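The structure appears below as structure tokens.
The values are calculated or read from the model by the stated rules, or taken from the named source; none is laboratory data. Everything numeric here is computed off the predicted structure, so don't read it as measured data. Virtual Cβ from ideal backbone geometry, glycine too; neighbours counted across all protein chains shown. Each accessible area value is taken on the protein alone, full model and side chains, heavy atoms only, with ligands, DNA and RNA left out. Shrake-Rupley method; radii C 1.70, N 1.55, O 1.52, S 1.80 Å.
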Amino acid sequence: MAHQTKLKGIDEDKTKLVFCVQKHDATSLHYDFRLQVGNVMPSWAIPKGPTMDPKVKRLAMMTTDHDLDYRTFEGVLPEGGYGAGPVMVWDEGTYQPEVQLKDKSLVAIEGKKEGTNVMHEGIDKGEIKFRLFGKRLKGSFALVKTNFGPKNGWLMIKHKDDHVKEGFDAKDEKTSVISGKTIDQIK
Ligand code: MN
């Protein structure tokens, strides 16, 4: 295992669920979006990266769960292994699952245990909603399983709220939120 970069100055509040996005320059460049559910992080590879623009739906391919500790990883995955190439922590923070009420309004779940249950149910159903408190990604989003295309295909969508940034493109945000390095500097 390549060396582990510890998160510096990160609020390690154990009462909150966490998420991360790792920019990963493997066979093809993508952004791994990971949400804590229990001690693991269900993960989606997003070729174009997440966006803060509600007009854009991003394809997100569900991949394998990762251990919670992996969210702090920044470094180079070795040649010959799965996903060989540099990994950069593009965003990180806490999150709250959301549930939709009958009037369509969204309510954030603050309790970690209840939130974890909501996430399990949502992933099984193929639709989750959540509020991100990241450095770059903020506000309400959804991930919805598609009924077309590849079996593991989902779409990530930004809900309209006060955090919308039209035209937001992940590739314009080039540095790690923990080390300040670019993916080329990590490589
Ligand atoms: Mn990856």
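Some values worked out for this structure:
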{"item": "Condition check for I123: in contact with a helix residue (DSSP H, G or I) (Cβ under 6 Å, 6 or more places away or on another chain) and not in a loop (DSSP other than H, G, I, E, B)", "result": "no"}
{"item": "Subset tally (residues that are touching a strand residue (DSSP E or B) at 6+ places or on another chain (Cβ under 7 Å) and among the charged types (D, E, K, R)) for region 113-161", "result": "9"}
{"item": "Of residues in region 96-106 being in contact with a Lys or Arg (Cβ under 8 Å, 6 or more places away or on another chain) and either not in a strand (DSSP E or B) or not β-branched (V, I, T) (or both), the one most open to solvent (accessible area, probe 1.4 Å)", "result": "Q100"}
{"item": "Only one of G122, G126, G115, G93 that is open to solvent by less than 20 Å² (accessible area, probe 1.4 Å), more than 13 Å from the ligand (Cβ to nearest atom) and in contact with a Pro (Cβ under 6 Å, 6 or more places away or on another chain)", "result": "G115"}
{"item": "Pair list, Cβ < 7 Å and 6+ apart or interchain, from region 62-79 residues that are in contact (Cβ under 8 Å) with a residue 12 or more places away in the chain to residues that are among the hydroxyl-bearing types (S, T, Y) and open to solvent by 30 Å² or more (accessible area, probe 1.4 Å)", "result": "E74/S179"}
{"item": "Qualifying position, being modelled with pLDDT under 95 and of a type outside the set (K, R), among E92, E12", "result": "E12"}
{"item": "Single condition G122 does not satisfy, out of (1) within 17 Å of H159 (Cβ to Cβ); (2) in contact with a Gly (Cβ under 9 Å, 6 or more places away or on another chain)", "result": "(2)"}
{"item": "Matching strands (runs of 3 or more DSSP E) fully within region 22-89 where at least 1 residues are open to solvent by less than 10 Å² (accessible area, probe 1.4 Å) and away from the ligand (no atom under 11 Å from the Cβ)", "result": "29-35, 57-62, 75-77"}
{"item": "Those residues of region 59-118 which are more than 14 Å from R131 (Cα to Cα), among the β-branched types (V, I, T) and under 15 Å from the mean Cα position of the chain (by Cα), in sequence order", "result": "T63, T64, T72, V87, V89"}
